[in-house]
1. Quick one: would you say B:LEU250 is in contact (Cβ under 8 Å) with a residue 60 or more places away in the chain, crowded, with 24+ Cβ neighbours inside 10 Å, under 19 Å from the mean Cα position of the chain (by Cα) and assigned to a helix (DSSP H, G or I)?
2. Inside the range A:20-74, can you point out the residues that are aromatic (Phe, Trp, Tyr) and in contact with an Asp or Glu (Cβ under 6 Å, 6 or more places away or on another chain)?
3. Would you confirm whether any residue within the range B:240-251 is in contact with a Leu (Cβ under 7 Å, 6 or more places away or on another chain) and acidic (Asp, Glu)?
4. Take B:LEU274 and tell me if it is buried (at least 17 other Cβ atoms within 10 Å of the Cβ) and in contact (Cβ under 8 Å) with a residue 12 or more places away in the chain.
5. Looking at (1) within 14 Å of chain A (Cβ to nearest Cβ); (2) touching a strand residue (DSSP E or B) at 6+ places or on another chain (Cβ under 6 Å), which is the one condition that is false for B:PRO93?
6. Scan the range B:438-455 for residues that are closer than 13 Å to B:VAL359 by Cβ and β-branched (Val, Ile, Thr) and jot them down.
7. Yes or no: the range B:18-33 includes at least one residue that is closer than 30 Å to A:THR73 by Cβ, within 14 Å of chain A (Cβ to nearest Cβ) and touching a residue at least 60 places away in the same chain (Cβ under 8 Å).
8. Counting only residues that are hydrophobic (A, V, I, L, M, F, W, C) and in a loop (DSSP other than H, G, I, E, B), which one in the range A:60-99 is farthest from the other protein chains (Cβ to nearest Cβ)?
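The values are calculated or read from the model by the stated rules, or taken from the named source; none is laboratory data. Note that the structure is a prediction, hence the values are computed from the model and not measured. Positions of Cβ are generated from backbone atoms using ideal geometry, with glycine treated the same way; all protein chains shown enter the neighbour counts.
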Amino acid sequence: VEWTAGEVAISGTSMRDAFTLRDAAQRPVTGAMLRVEAHMDHPGMAPVVAPARERVEGVYEVQMDLTMGGQWTLRLTGTLADGRRVQQEIGSVAARPSG
Amino acid sequence: VSADVLRWPVVGRFLRWRHARTAAQLALLLVAAAVVFHGLFGPQVAPANLATVLTWVHYRGLLIVAVLASANLFCMGCPMVLVRDAARRVHSPHRSWPRRLRNKWAALVLFAGVLFVYELFDLWALPRATAMLVLGYFAAAVAIDVVFTGATFCKYLCPVGQFNFVAATMAPLEVRARDQGVCRSCRTFDCIAGSPTGSQAGQPRQRGCELRLFLPLKRGSMDCTLCLDCVHACPHDNAALSLRVPGLELVDAGRRSGVGRLPERRDIAALAVLFVSGALVNAFAMTDPARRVESWVAESLRTSSEGLVLAVMFLFGLVIAPVLVVAVAAAVTRRVSLHDLPLEGGSHRNVGSGNIADVATRFAYALIPLGACVWLAHYGFHLLTGLFTVVPVAQTAAIDAVGWAALGEPAWRWVGLQPGTVFPLQLGFIVLGAMGSVAIASRIASRDYSGRPGAAAAPWIVLVVVLTAVAMWLIAQPMALRGASFAV
């Protein structure tokens with residue numbers, strides 16, 4: 001997974017980013033049903049979960065509102081077109097508090 | 001309704017069941033196994049891993065809630081004792097714990113050490129490290145207790161155990177003799193020596209209290225793991241799990257079996273102070289102001305070492321500041337009470353005796369109610385706001401384990417209460433704790449300084465008010481940046 005998100009987001013505002021899903025042969029993977037979970041570092045905090053929509057072949061876009069400042073870990077989950085399950089940590093975002 | 005829970009229909013019947021503790025231990029052993037397995041092999045994302053969620057959200061929160069709502073249930077169900085007992089079948093201990101170490105000082109250092117390590121390594125964010133911590137805990141308990149007899153690890157070393165012992169003084173239940181007359185006529189002392197047959201004929205040998213708490217002289221819950229061995233060992237069915245007024249044992253200056261007199265135990269008094277300062281430091285470390293203090297300390301020391309910065313902050317927060325404020329309060333009490341010092345038998349004399357440390361040792365226990373409620377406010381917050389996250393995390397773990405959604409798709413909408421909803425509860429807990437601390441300080445002053453109890457208690461009441469204000473300020477801090485990484 002190639003994640004194109006910036007490192008800093010502003011909490012309370014919408015963050016829109018994209019990632020590219022490729023197979024072992026580096027070919028784009030299309031038709032996957034995916035979502036991105038953003039988790040705070042501390043367990044027990046409410047995650048932000050958003051669907052990832054395929055915009056062009058193998059490139060999926062996600063829009064999410066990070067609800068507070070801090071370090072968010074992004075996790076991609078879902079199923080590929082052939083039914084195989086995807087569960088992978090894809091990066092992190094440091095969100096500044098708004099204001 | 002009987003005041004003895006052991007005589008209650010369902011709960012009492014379960015607790016009196018000989019295998020009740022083993023059942024509770026097996027349940028927690030399974031949880032510990034899930035924590036270790038998922039922590040080592042599951043996703044290294046703290047909120048999506050059972051190790052971090054169960055340990056830092058549910059275990060901590062449920063532990064303090066259970067102790068304050070009932071009794072020391074988590075020591076009762078401690079799975080480490082189960083593993084230790086199994087290890088002792090292979091290697092029986094023969095040594096006694098050294099006499100000079102039969103106090104709480106080592107446990108005090110370990111307790112502070114756990115708080116420090118938790119912050120230094122951001123353990124809440126590290127599933128694998130959390131799993132290793134749990135494994136290390138089991139290894140330490142077994143290593144100590146296959147060498148030393150009795151419940152050495154529980155009584156003298158276990159940091160969680162010490163936390164539970166102190167918190168359990170605020171519990172509404174305690175194990176005690178039902179009828180002292182029965183104890184006076186007893187000649188076998190099975191409650192401490194163990195019974196060859198157990199309380200019912202035909203049962204195998206039942207051990208007595210491993211923590212050396214002799215039931216007729218047992219007062220309060222300090223050092224009691226609620227193992228109920230005394231209940232099962234007593235041939236006269238004379239051990240009760242009785243309702244009581246929470247915290248009142250902190251005023252009891254009498255000699256306790258296995259503990260001695262609280263007003264003379266400086267190590268336990270220090271543990272009480274650490275219990276309170278630890279609650280405040282642990283909560284403070286998660287706030288944005290803590291980040292600013294870290295940066296300020298780092299700049300002042302011209303260092304980029306987080307370990308050094310945190311060591312300085314913990315040294316100040318857990319040692320220097322608490323010792324200072326307690327010493328000041330004790331000095332003021334001593335000064336205003338110089339003409340009314342206690343003597344054995346309840347009489348009084350008019351010349352000074354007892355130094356500041358003696359006074360501090362008498363009054364330190366008054367801080368426990370506030371400390372317990374600060375822990376409750378902090379850990380209760382994480383428990384209530386993350387209570388249901390165990391559901392999607394368990395669903396995630398099932399996917400990790402078997403490759404398909406055996407427990408359903410992770411339902412991440414299952415979280416818990418909103419932080420704003422919990423805040424009034426937190427405030428209520430802290431106010432309740434403050435009231436308890438004021439009441440205990442007043443009772444101690446009345447006990448030891450009956451001539452001028454108000455003046456003797458006043459410095460401690462002021463201290464409780466100040467600590468309460470600090471605790472309220474802490475829980476009012478916004479959640480923003482909690483868990484953010486250290487940066488100089």
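1. Working: in contact (Cβ under 8 Å) with a residue 60 or more places away in the chain: yes; crowded, with 24+ Cβ neighbours inside 10 Å: yes; under 19 Å from the mean Cα position of the chain (by Cα): yes; assigned to a helix (DSSP H, G or I): yes.
Answer is yes for this residue.
2. Selection gives A:TYR60 alone.
3. No - not one qualifying residue is present in the range B:240-251.
4. Criteria met by B:LEU274.
5. Only one criterion in (1) within 14 Å of chain A (Cβ to nearest Cβ); (2) touching a strand residue (DSSP E or B) at 6+ places or on another chain (Cβ under 6 Å) is unmet by B:PRO93, namely (1).
6. Within the range B:438-455, B:ILE444 is the sole residue that qualifies.
7. Taking the range B:18-33 and keeping what is closer than 30 Å to A:THR73 by Cβ, we get B:28-33.
Next, from what is left, pick out any that are within 14 Å of chain A (Cβ to nearest Cβ): none.
Within the range B:18-33 (the criterion being closer than 30 Å to A:THR73 by Cβ, within 14 Å of chain A (Cβ to nearest Cβ) and touching a residue at least 60 places away in the same chain (Cβ under 8 Å)), the answer is no, since none of the residues qualifies.
8. A:ALA81
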